[in-house]
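All remarks here apply to the structure that follows.
The values are calculated or read from the model by the stated rules, or taken from the named source; none is laboratory data. What you see is a predicted model, and the numbers here were worked out from it, not measured in a lab. Cβ atoms come from the backbone with ideal geometry, glycine included; neighbour counts cover every protein chain shown.
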Amino acid sequence: MSETHDRPPESFTLRLRRYNPESGDAPYWEEHTVELEPHRSVLEGILQARDKYDGSIGIRCSCRQAICGSCGIRVNGEPSLACHTHLDEAKRTASDGVIEIEPMGNMPVLKDLIVDMDAVHWKKIQRVTPWLLAKQPVPEREYIVPRESMVDVTQTMACIQCGACVSDCLAMEVDPGFVGPAALAKAYRFVGDPRDDQQFERLNDLAQDPHGLFDCTHCFKCVEACPKDVNPMGQIMRLRRVATGDYHIVDRNNGERHEAAFTTLVKDHGLLWEAELLPRSYGGNSWFGKFSPHAGKELLSSLPAILKALMRGKVTPAGALKPHKIPKGDLKSVQSIYEKIEGRPERYELNLYISGQDEEPAPAEAPDLLAAAAGSGDPPGAPENPEESVSQ
Amino acid sequence: MKVAYWPGCVSRGFTPELHGSMAKVAPLLDIELVELDRACCTGAGVIAEHNQELADTLNARTFALAQQVPGAELMMNICSTCQGAQSECQERLDANAEYRAHVNETLSGEGLTYEKGLTNKNFLWLLVEEIGLDRLSSLIKTPLTNLKVGPFYGCYIVRPRARLGIGQEHPRDHYLHMVIETLGGTVIDYAGMRKCCGFPIITMNKQASLKQAGRHLGDAMDADADCLVTPCPLCHLNLDLQQPLAERVVGRDLQMPVLHLPQLVGLALGLDPKELGMNRHVVRPTSVIDWSTSVVGAAA
């Protein structure tokens, strides 16, 4: 048993946010002090407070070992599983030594720490058709698929549906319609599954939805919130890659155009040319993009900001019309990198969740994980005989 | 100290006052900037969204160029988004020797190689960890007395914590607080200080994007901040350049000046607001804050 487990019980004060919508009273804060060994969980602290002081404290929990995903709450403002957060750690991160406990965000509170997962989380999960739409004909026995392609989706399968990522999604905070991190990660579960027959339809649906694939603000909140390292934002980026790169879906939300314009401008100039990025994102990825009616309308609505910027000398007309560039020789090198990588038959991804950290030169088995996310393609140094790597 | 300096694209484009103010502040802090003018855009996460290997290779090229700068102790950037995008690429490159060799193979045509373990710090981190708050404090000419500053961290420099090396030893998600206090200002905490400015979705969902910017600015106003300070030029675009549009979306007057980090430091080191390019902001700090009473020569 480790040293921390030998420490005697200590006092921990919990500040709980209480609320019962049916009572008609406003939410209020209530403090309870519990006695527990420091390595015990915040959940155990809440349950002791309930047993000792107030049987009406509402909390949802079941497995108590970070498997069932029932006890999602906020501890000191951060989304957490109550059973997966140690009391000593929670006390350390508390601003005033008192552990602050609230229900998760972005979902209505049913009572105290219990939120309405049906109203938000599960509704959004249903939104992405979370089941296999099997390729026909369904084989008489099992489907035979490459091992790598299933390894690729294991990260999203690790999701325990606790709602921590939904709780703190910053896009959902301003756009409650956003499909959200948990559901989009679930969408990749099926888009990445070689047995699924409707990958294009799934991606097209989510790309065209104004609250879908391109509504994520890339804020890393879900990455940080997830207790299972699902990396929902990373899955959203993979969905975007497959939608734009493999299926060439051009969406009505400027997602594909923005990505294409950004990538092209850096290829053409080495640096970003902001004045050109915006019109191209709206009007299409060429110099003529700015003359499309879509771009014109958008530029017109941004006129107050543009005029102010010009007035202040923040942007000069000459500066806006002329890109800043890197030296010619370097630009050539950058372009040759683009050509080499974009010319590969398959995109090439390293997912550290699957490959892990590797200090030493990779063992024989590691290389095929490099291409796992891409589904196939020969990674560098891949063993000629794949069976050799399996046998290790 | 000598650093391989990556200014990013936006600091040389739509926020020229950032690059300019860094150049003015560096000599006062004894930082020698060797600009990586051959390096390309980090991709800001967008190129990685298009093709991860491409983003990793382009950034590995920048890292390799930085490692070639003679006498440079580390690489420094002035853009949180660059920091976040580069840290993500570096995490993959440093984690897997086989992958690193593969990326280096692409760079070999140019004779460049990235060696694992580059130190790449945003100016904020460098200020606290390399220069040190004691030294910074000793250099102050005009303490920011009576100036109420709201820190705006944004996302890329505070999440994910493990990748960015944030922990008990390096509480990097509190550094803006520490710097503001060291400079003699008063820290104003408000709800949105570590939230997204909305910039990444400005072309995809303008309404939601501006709502984010407008809310944070409004929160800071309600908390009685005189101004915000940010280490990210992209946050600056949404919070300052787009502020007139954000006002319309949230339906309230905002008029909240937003300073770049080197500008705030420069003020305390005795530089003039104009010298620091503050007249170039859409919401002019000088028109909202009376610098003569808020900063210069106020009683402690």
If you go through the stretch A:142-163 one residue at a time, do you hit one that is away from chain B (no Cβ under 14 Å), of a type in the set (Gly, Ala, Ser), in a loop (DSSP other than H, G, I, E, B) and within 28 Å of A:Pro27 (Cβ to Cβ)?
-> yes
Tabulated pairs, the stretch A:136-164, first in contact (Cβ under 8 Å) with a residue 60 or more places away in the chain, second of a type in the set (Phe, Trp, Tyr), C-beta under 7 angstrom, 6+ apart or interchain = A:Gln155/A:Tyr353; A:Thr156/A:Tyr188
State whether one or more residues within the stretch B:1-17 are within 30 Å of B:Lys274 (Cα to Cα), in contact with a strand residue (DSSP E or B) (Cβ under 7 Å, 6 or more places away or on another chain) and aromatic (Phe, Trp, Tyr).
-> yes
Only residues that are touching a Phe, Trp or Tyr at 6+ places or on another chain (Cβ under 8 Å) and either more than 24 Å from A:Lys322 (Cβ to Cβ) or not aliphatic (A, V, I, L, M) (or both): list them for the stretch A:259-279, please.
-> A:Lys267, A:Glu274, A:Glu276
Tell me which residues, restricted to the stretch A:303-323, are in a loop (DSSP other than H, G, I, E, B), more than 7 Å from chain B (Cβ to nearest Cβ) and in contact (Cβ under 8 Å) with a residue 12 or more places away in the chain.
-> A:Pro323
Taking into account only those residues within the stretch A:70-86 that are surrounded by 22 or more Cβ atoms within 10 Å (Cβ to Cβ) and of a type outside the set (A, V, I, L, M), which is nearest to A:Ser167 (Cα to Cα)?
-> A:Pro79
Any idea which of (1) in contact (Cβ under 8 Å) with a residue 12 or more places away in the chain; (2) touching a helix residue (DSSP H, G or I) at 6+ places or on another chain (Cβ under 9 Å) is the one B:Asp37 doesn't satisfy?
-> (1)
What is the one condition in (1) farther than 22 Å from B:Lys2 by Cα; (2) surrounded by fewer than 21 Cβ atoms within 10 Å (Cβ to Cβ) that B:Leu164 does not satisfy?
-> (2)
In the stretch B:96-138, which helices (runs of 4 or more DSSP H) lie fully inside it and hold 1 or more residues that are without any contact (Cβ under 8 Å) to a residue 12 or more places away in the chain and either crowded, with 20+ Cβ neighbours inside 10 Å or out of contact with any Lys or Arg (no Cβ under 9 Å at 6 or more places or on another chain) (or both)?
-> B:97-107, B:133-138
The stretch A:261-273, residues that are out of contact with any Pro (no Cβ under 9 Å at 6 or more places or on another chain) and either in contact (Cβ under 8 Å) with a residue 60 or more places away in the chain or buried (at least 20 other Cβ atoms within 10 Å of the Cβ) (or both) | A:Phe262, A:Thr263, A:Val266, A:Lys267
Exactly one condition in (1) outside any helix (DSSP H, G or I); (2) facing chain B (nearest Cβ under 10 Å); (3) under 30 Å from the mean Cα position of the chain (by Cα); (4) not charged (D, E, K, R) is not met by A:Ile326; state its number.
-> (3)
Within the stretch B:141-151, identify whether any single residue is within 14 Å of chain A (Cβ to nearest Cβ) and at pLDDT 95 or above, and answer yes or no.
-> no
Tell me, yes or no, whether the stretch B:62-79 has at least one residue that is within 14 Å of chain A (Cβ to nearest Cβ), outside any loop (DSSP other than H, G, I, E, B), in contact with an Asp or Glu (Cβ under 9 Å, 6 or more places away or on another chain) and not aliphatic (A, V, I, L, M).
-> yes
Go through the stretch A:184-211 and give me each residue that's surrounded by 24 or more Cβ atoms within 10 Å (Cβ to Cβ), closer than 30 Å to A:Ala82 by Cα and without any contact (Cβ under 8 Å) to a residue 60 or more places away in the chain.
-> A:Leu184, A:Ala185, A:Ala187, A:Tyr188
Selected residue [part of a helix (DSSP H, G or I), touching a residue at least 12 places away in the same chain (Cβ under 8 Å), within 24 Å of A:Ala225 (Cα to Cα) and outside the structural domain of A:Cys159 (by TED's automatic domain parsing)] from A:Gly45, A:Gly69 | A:Gly45
